[in-house]
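For reference, the structure discussed in these notes is given below.
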Amino acid sequence: MGRSARVGGKNIDKARKLVEARPYKLEEAAELLRKAHFVKFDETVELVLNLGVDSKQSDQMVRGTVVLPHGLGKSKRVLVIASGEKVKEAQDAGADFVGGEDMVQKITEGWTDYEAVIATPDMMKSAGRLGKVLGPRGLMPNPKTGTVTFEVAKAVKEIKAGKVEFRLDKTGLIHSPIGKISFPAKSLAENAHALLNAVVKAKPSAAKGKYIKKITLTSTMGPGILIDHAEAETATAVAA
């Protein structure tokens, strides 16, 4: 074992020891994550929600979007697949890449230098061919998440402002980034609350029993910190 691996292991152990075996309030947990930070890069902070739904049932799927009040710390590179006047609208709104069939062809050939994709409805016949490429990366345009739309300027601005998509995975979990470790604890907590509110609003009518079973705040290399369930109850009250 190399010296860096030993040092890394010691740091991880040290970070874990800072976390007590009890639930934390979101802001307190964010402060603790910042204290436990030991790597040189700006880690991504993530909220993990364990939901009491059956991910195999289509009527219990949980997905949606939320614009985080403090963004994600880095503006996403946005690609818009459009034609006609919508091309200029997308460019004026700040899209990084705009095009039509040329962009579809470029993606088919393996181009991946973008982090969000928006398409106008009239271009979906062409963009629909990109499912195998964009689907596994979670980037396929979808009307449910506002990425298939003629309102391209609005869609671009929302993504640039920190709009994130959340989606239930096969194990009944939602993993969603809520910022960077360099953010103030208060900003991380407010972003987490915004996500919680959005997930509560997206509760399927077919869901029975306890909806949010467990909440964990974590970072790329940091420990997982259990969050007080009262935070979910607050989100439920706000969403009601």
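List the helices (runs of 4 or more DSSP H) inside the range 136-240, counting only whole elements, that have at least 2 residues being closer than 16 Å to residue 67 by Cβ, of a type in the set (Lys, Arg) and in contact (Cβ under 8 Å) with a residue 40 or more places away in the chain.
So the answer is 152-160.
Can you pull out the residues in the range 162-207 that are in contact with an Asp or Glu (Cβ under 9 Å, 6 or more places away or on another chain) and charged (D, E, K, R)?
Answer for the range 162-207, where residues must be in contact with an Asp or Glu (Cβ under 9 Å, 6 or more places away or on another chain) and charged (D, E, K, R): 180, 186, 190.
Here is a yes/no grid of residues against (1) surrounded by 14 or more Cβ atoms within 10 Å (Cβ to Cβ); (2) modelled with pLDDT under 90:
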site: 127; (1), (2): yes, no
site: 144; (1), (2): no, yes
site: 148; (1), (2): yes, no
site: 189; (1), (2): yes, no
site: 211; (1), (2): yes, no
site: 214; (1), (2): yes, no
site: 222; (1), (2): yes, yes
site: 226; (1), (2): yes, no
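What number of residues within the range 177-187 satisfy the criterion of being buried (at least 21 other Cβ atoms within 10 Å of the Cβ) and over 13 Å from residue 26 (Cβ atoms)?
Total meeting the criteria: 1.
Within the range 37-56, does at least one residue satisfy the condition of being assigned to a helix (DSSP H, G or I) and touching a Gly at 6+ places or on another chain (Cβ under 9 Å)?
No, the range 37-56 contains no residue that is assigned to a helix (DSSP H, G or I) and touching a Gly at 6+ places or on another chain (Cβ under 9 Å).
Among (1) assigned to a helix (DSSP H, G or I); (2) touching a helix residue (DSSP H, G or I) at 6+ places or on another chain (Cβ under 6 Å), where does residue 69 come up short?
Looking at each condition in turn, residue 69 falls short on (1).
Would you mind telling me which numbered condition in (1) touching a residue at least 60 places away in the same chain (Cβ under 8 Å); (2) assigned to a loop (DSSP other than H, G, I, E, B) residue 114 fails?
Condition not satisfied by residue 114: (1).
Residues that are touching a His at 6+ places or on another chain (Cβ under 8 Å), assigned by TED's automatic domain parsing to the domain that holds residue 33, at negative phi and not basic (Lys, Arg): does the range 151-170 have at least one?
Taking every residue of the range 151-170 in turn, at least one turns out to be touching a His at 6+ places or on another chain (Cβ under 8 Å), assigned by TED's automatic domain parsing to the domain that holds residue 33, at negative phi and not basic (Lys, Arg).
In the range 42-80, how many residues are surrounded by fewer than 14 Cβ atoms within 10 Å (Cβ to Cβ) and modelled with pLDDT under 90?
Count: 5.
Condition (residue is at pLDDT below 90 and not aliphatic (A, V, I, L, M)) applied to the range 200-208: is it met by at least one residue?
yes
The values are calculated or read from the model by the stated rules, or taken from the named source; none is laboratory data. Just so you know, these numbers come straight off a predicted model, no measurement behind them. No Cβ is skipped: glycine too gets one built from the backbone with ideal geometry, and neighbour counts run over all protein chains shown.
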